[in-house]
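One structure below.
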Amino acid sequence: MSKGVTIYFMRHAQTYLNKYNRMQGWADAPLTPEGEADVLRSARGLADVDFQAVYTSDLQRTVKTAEIVLANNNYANDELTIEKRPEFREVFFGSLEGLPAQEIWDRIGQEVSQDQGTYSSFLADDAVKQELNLMKEIDPYHDAEDFMTFWMRVELGLIDVITKHRESDKTILIVSHGMTIRNMIHELIPGFQIDGLLDNASVSIVRYQNGLYHLEAYNQTDHFISE
């Protein structure tokens with residue numbers, strides 16, 4: 001059997017902007033105590049996973065999450081360091097950063113599908129590009145990333161990491177952000193539908209083998225272990 005690679009995608013733990021339901025892309029609030037507790041529970045459930053490499057975005061919420069995971073991993077040592085990649089940042093929301101998230105997504109939802117008051121249009125597979133493009137339009141300064149700007153950035157990092165590890169037969173960890181992870185998995189897995197928001201500290205697992213990508217877990221939290 002040919003060698004491959006297993007990728008654990010983890011969303012960062014809860015931050016204060018998550019708690020307050022505020023837009024958070026490049027804005028970088030610290031983890032809440034609840035967030036640190038959740039990622040600790042997630043880390044305990046992953047304690048026996050032998051990660052050979054760890055990548056995060058360069059934002060503090062992913063780095064702190066990864067640090068907690070490594071501090072509670074039975075295989076981690078001083079040689080296993082965190083590589084911070086700006087390519088793995090969340091979407092930049094421009095001047096919308098920090099604003100009430102429900103109001104922004106409701107506005108986007110009305111524009112895309114007239115589905116006011118829900119996130120369903122945001123989750124629809126064929127709406128993601130429209131919504132990020134609209135995000136740039138409704139940002140008064142037009143600094144928010146449109147879909148192409150966002151995806152070209154993320155794709156560069158993803159291709160680089162996969163090329164480096166895809167024949168290693170190892171396991172790697174990528175701690176990133178909700179929209180970023182969902183779009184990476186969407187590009188790797190044929191037919192994958194973006195059908196739900198990722199939970200904080202959740203794990204989604206993709207296995208690459210014989211030139212194909214297989215989704216082994218999505219938004220997994222049942223591995224969490226409390227004290």
The chain - Rg and Dmax from Cα coordinates, angstrom: 17.2, 54
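Based on other C-beta atoms within 10 Å, arrange K19, K136 from fewest to most.
On the way: K19 14, K136 21.
The most exposed by this proxy come first: K19, K136.
Return the calculated 222 nm mean residue ellipticity for the chain, to the nearest 500 deg cm²/dmol, obtained by summing -39500 (n - 2.57) across DSSP H runs with n ≥ 4 and dividing by the residue count.
Numbers: 8 runs with 87 residues, N = 227.
Per the formula, -11500 deg cm²/dmol.
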Exposure proxy order (Cβ contacts within 10 Å, fewest to most) of M152, M179: M152, M179
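Nearest 0.05, what FRET efficiency do L80 and Q110 give at R0 = 41 Å with Cβ-Cβ as r? All intermediate terms of the calculation are to be shown ahead of the outcome.
Values: r = 46 Å, r/R0 = 1.13.
Calculated value: 0.30.
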Cα gyration tensor shape of segment 34-81, rounded if a/c is under 1.5, else prolate or oblate by comparing a/b with b/c: oblate
Pair I159, Y16: separation of 7 Å Cα→Cβ label points (nm): 3.9 nm
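By how many nm would the segment from K3 to I225 grow when fully extended, if each residue of separation counts as 0.36 nm and the alpha-carbon distance is taken off? Kindly include the intermediate steps, with their values, before the conclusion.
Details: separation 222, 0.36 × 222 = 79.92 nm, distance 3.09 nm.
Length gained, K3 through I225: 76.8 nm.
Report the full-extension gain for the segment L215 to S95: residue separation times 0.36 nm, less the Cα-Cα distance, to one decimal in nm. Mind showing how you got there, number by number?
On the way: separation 120, 0.36 × 120 = 43.20 nm, distance 3.51 nm.
Answer, rounded to one decimal: 39.7 nm.
Each reported figure results from applying straightforward, stated rules to the coordinates on display, with no laboratory input. Small disclaimer: the values here were computed from a predicted structure and weren't measured. Reconstructed Cβ throughout: ideal geometry from the backbone, glycine too, with neighbour counts over all protein chains shown.
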